[in-house]
Amino acid sequence: MQRSKYHKLLEVWVKGIDIHWSAWYEDSQPQRLSLPTYPFAKEKYWVNVVSSRAKEVELQEEHKDTLQHQQNPENVQTDANIESISPNVEVASAVSIQKQITTILADLLGVQDTSIQPDVPLERYGMNSILILQMLQQFQSHIYPSIQLDDIVECSTIEELVAAIPADANDGKTNSDLESISYSELIHLNAVTTGRPIFWIHGGTGGVESYIDLAHQLNRPFYGIQAKGYFNEEPPLQSMYAMAAYYTRMIRDIQPEGPYDIGGYSLGGVLTYEIARILQTMEQEVSSIVMIDSFYPEDSHFGLTTDHPHLWHMLYPNGSTVSKETFINTCYRLEQAYELDQYKPLPLLDSQSIRSYYFRNQKGIFVDENSHSPTDYWQKWKTVLPHLHIVDIDASNHFVMLSESQSLQQIVTSIRSIYTPSDIAKEVSSTTL
């Protein structure tokens, strides 16, 4: 002990040697301390405080009322008092919005709403990139349909979220306003509201978080469609056919008539193809489809496994406090729902009219050096898309194509060209195989 060789002491103790601990402390009387257990439970013990914004406005109004009573004690219904109703209404609206936000967050985080405090950073409760998109959709559906991701992404507390929403957000909101955004799977990923929309479909894990950086680089409305049942209690749709049909209806509710621009990463590219096929059977024009390293179904690598030690590290959201077990279980549940082995792409009615692009991971590495993609794995798409433009992307592997800065920038540069009204086929750096 005098030489501080605690590791030696620990080594003999773990080997089963009985140590007379009290002898180490001679005449001193150390006491045992119980460690707190609450950090390991879903119960929060933050001090209950009143929202500083609401409290400040409340105190200001109390001070105004006091002055008015002193100046005109007999006639409390003066014009000044009538005018003071407006700030009170504003406070009531802010309190109402705060209550709605708290309820939504409590449901998403799986905690009691009474345990969430308005000035405590949301990351302490487990907020992450997955949940912020779920929160955005709930806000659009239940509080303020016009709110965008940019409005809330920098908000770290409930107080800041309340401040980001107009005080009159609930005023005059009709059922039709809420019904206009009736799909929990549809998320507007950028702040652009004018122009023809772009729709990108989720990859194999079910989320659309990987499209956020891309969406912010475009000047057209960009919608991500995530899988039904992605981090909520809804059962996922069964089969690629059912998902594609549902997403097609969703897309047409937002944009009733073509031409349509749709795309997706990995499995999302496969769903994109099926959606394009359905739209053509509805006599709708499809302008473009974009696939990012999408395997032809019968050659698909998609099949989540624990065999690759680095796979879940790449898939699991960076900095997430959501249970990793919950995340993995959600991915497995969706994988079974895809029924990818039963899906076979049927020919398009008119493949010539669609500009089709395929972003290929040129290194061909799936997860690591021990798992390579099949040679020319994109070639079978030529059987249904004979004029497919291939764009090579320099990425470490399949799973980081939209997260590595170099590969993301390559994709963004090409996508910007694809989604402009000019002669895109000549502008995109590609190889037509």
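Each value in this text was obtained by applying a stated rule to the coordinates, not by laboratory testing. All values derive from a computational prediction rather than experimental measurement. Cβ placement follows ideal geometry from the backbone for every residue including glycine, while neighbour counts extend to all protein chains displayed.
Local charge for P121 was computed over the other residues whose Cβ lies under 11 Å away, with Lys and Arg +1 and Asp and Glu -1, and equals -3.
Shown is the FRET efficiency for V384 and Q342, computed with R0 = 22 Å from the Cβ-Cβ distance and rounded to the nearest 0.05: 0.80.
In this simple spin-label model, placing a label point 7 Å from the Cα along the Cα-to-Cβ direction at both T326 and S96 gives a separation of 3.0 nm. In this label model, R252 and K8 are separated by 8.0 nm, measuring between points 7 Å along each Cα→Cβ vector. Its residues counted as N, region 226-300 yields a C-alpha radius of gyration over 2.2 N^0.38 Å of 1.11. Note on S156/N232: beta-carbon distance plugged into 1/(1 + (r/R0)^6) with R0 of 22 Å gives a FRET efficiency of 0.40. Shown here for region 330-403: GluC sites (Glu not before Pro) in loop regions (DSSP other than H, G, I, E, B) with at most 10 other Cβ atoms within 10 Å, namely E369. Would you give the gap between the C-alpha center of region 336-402 and the C-alpha center of region 220-296, rounded to a whole Å? Between the Cα centres of region 336-402 and region 220-296 lies a distance of 16 Å. Placing pseudo-labels 7 Å out from each Cα toward the beta carbon at Y241 and D107 gives an inter-label distance of 3.3 nm.
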